[in-house]
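So the structure is just underneath, and the comments pick up after that.
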Amino acid sequence: MNRIVKNHNLCQSSSKKLIYLEFLRIISIILVIFNHTGANGFFLYALSEFSVFYPFYFFCSIACKVAVPLFWMISGALLIPREESISELYKKRIFKILMALIVFSFIQYLFWVFGDESRTFYIWDFVKTLYTSHFGMAYWYIYAYIGVLLVLPLIRKMARNMNRKEYIYLFCLSLTIYGIIPIVQYLLWQGNIVINMNVTWSMFSEYLVYFMAGNYFGNVLGKEELSGKKAGVYAVSGFIAIIISCFMTKFMTNITGMIGESEAQTFYNNLIMIPSFSIFYSVRYLSIKYEKYLSQGVKNIIYTLGSAVFGVMLTENLWREKLEVVFYFLKPYCKIFPSCIIWVLITWICASVTILLIKKIPFVRRLL
């Protein structure tokens, strides 16, 4: 417990950005954009069953789902150790997120209205959609993030008083409830018999588990405890977890005959905790071991691009849709998947540059 407290204090006393967390932000937002490419990339495997690259496409489709867990872990690693009052939390975080959500939702709404002649500007339509739904594919995460921030003072109390066995118990319990039980019961009964959902609803959300996991892997585990051997074990475990998810997805679609993008994702996230933990652990370990070899220029680039990620999340759908022409232009020359990757990277670069430019505006800078 002393070590846990010590690590918390170390994190609290330093306002310096951590290179591995900024790098994880960048990787995560690129995967988020890829996750939104549909049959052009993310769901390409469903249209390529007889291709030699089918296993690779299938693997990538599930592997990219680590993006959201990594975002939660980054937030948990940064926010749980900090000391701030409830009033400070509302002023510094919740108010900022709400303002960003409102401003950028309104921008999205304007694109909707002026991009579709059948739509008419109606402020009540905007307010109702803002309250009941969301305007961008990634905006659901902002709503969920606000929910976690509202209970952050309680999460901090719980996390700071948990020992390592209790953290491991939390992770194992979550993996059992959200991963193992759904897989086993589907293998046995193909969806005809499922556990009473009141059991899981009354426990905790996966978001909370990832949030807590970020604190565990980012702060509770000391630097001296990280090793390449453990990173290797995590990597192998993560790879196997994705393969199992691929198998379960194939098994389910063979039974149901339904392979639509939404129906096929039943088992995508069941075991994604394992590769998510693996990536977070490994990137932190590699950062500690090799950061000294990075020039300050490279670090500054990572810090700068990392600082734009939240804004990219708020605007990526606009850029992705506008730049889809890049995909169709490249497709005859580079084939589908490489064209998709180039499209994703150009989307990320354009969105990042735009956000970095508008962050120079004082009011917008405070939101982003």
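The values are calculated or read from the model by the stated rules, or taken from the named source; none is laboratory data. Everything numeric in this text was worked out from a predicted model, so none of it was measured. No Cβ is skipped: glycine too gets one built from the backbone with ideal geometry, and neighbour counts run over all protein chains shown. The accessibility values were calculated without ligands, DNA or RNA, using every heavy atom of the protein model including side chains. Shrake-Rupley method; radii C 1.70, N 1.55, O 1.52, S 1.80 Å.
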Looking at PHE171, PHE114 in this structure, which one is surrounded by fewer than 16 Cβ atoms within 10 Å (Cβ to Cβ) and over 23 Å from THR37 (Cα atoms)? PHE114
Find all pairs meeting these conditions: Cβ atoms under 9 angstrom apart; at least six residues apart or on different chains; first residue within the range 19-39 and closer than 10 Å to VAL283 by Cβ; second residue among the polar types (S, T, N, Q). ILE19/SER287; TYR20/SER287; LEU21/SER287; PHE23/SER287
Spot the failing condition for GLY191; the list is (1) assigned to a helix (DSSP H, G or I); (2) of a type outside the set (Phe, Trp, Tyr); (3) over 26 Å from the mean Cα position of the chain (by Cα), and only one is missed. (1)
Residue count for the range 47-62, restricted to those that are in a helix (DSSP H, G or I) and surrounded by fewer than 18 Cβ atoms within 10 Å (Cβ to Cβ): 5
Condition met for VAL220 (surrounded by 11 or more Cβ atoms within 10 Å (Cβ to Cβ), closer than 30 Å to MET258 by Cβ and not aromatic (Phe, Trp, Tyr)): no
Kindly indicate whether any position in the range 259-271 is in contact with a Gly (Cβ under 9 Å, 6 or more places away or on another chain), open to solvent by 30 Å² or more (accessible area, probe 1.4 Å), part of a helix (DSSP H, G or I) and not hydroxyl-bearing (Ser, Thr, Tyr). no
Of ILE355, ILE342, ILE346, the only residue that is in a helix (DSSP H, G or I), at pLDDT 95 or above, over 15 Å from THR37 (Cβ atoms) and among the aliphatic types (A, V, I, L, M) is ILE355
Does any residue of the range 138-148 turn out to be assigned to a helix (DSSP H, G or I), within 17 Å of ILE80 (Cα to Cα), open to solvent by 60 Å² or more (accessible area, probe 1.4 Å) and in contact (Cβ under 8 Å) with a residue 24 or more places away in the chain? no
Residue ID - most open to solvent (accessible area, probe 1.4 Å), chosen from residues in the range 332-343 that are among the hydrophobic types (A, V, I, L, M, F, W, C) and free of Cβ contacts under 8 Å to residues at least 60 places away in the same chain: ILE342
Out of curiosity, is LYS165 without any contact (Cβ under 8 Å) to a residue 24 or more places away in the chain, part of a helix (DSSP H, G or I), closer than 19 Å to MET212 by Cα and more than 25 Å from the chain's Cα centre (by Cα)? yes
Would you be able to say whether some residue in the range 171-184 is at pLDDT below 95, in contact with a helix residue (DSSP H, G or I) (Cβ under 7 Å, 6 or more places away or on another chain) and not in a helix (DSSP H, G or I)? no
Check the range 230-252 and report whether any residue there is in a helix (DSSP H, G or I), open to solvent by less than 40 Å² (accessible area, probe 1.4 Å) and either closer than 29 Å to LEU150 by Cβ or among the basic types (Lys, Arg) (or both). no
Of (1) open to solvent by less than 30 Å² (accessible area, probe 1.4 Å); (2) closer than 21 Å to LYS17 by Cα, LEU44 satisfies all except one. Which? (2)
Quick check: is even one residue across the range 67-86 part of a helix (DSSP H, G or I) and open to solvent by 60 Å² or more (accessible area, probe 1.4 Å)? yes
List every residue pair whose Cβ atoms lie under 6 Å apart, where the two residues are 6 or more positions apart in sequence or sit on different chains, the first residue falls within the range 306-317 and is acidic (Asp, Glu), and the second residue, located anywhere, is buried (at least 24 other Cβ atoms within 10 Å of the Cβ). GLU316/ILE33; GLU316/ALA351
Evaluate the following for LEU24: is it over 19 Å from GLU324 (Cβ atoms) and not aromatic (Phe, Trp, Tyr)? yes
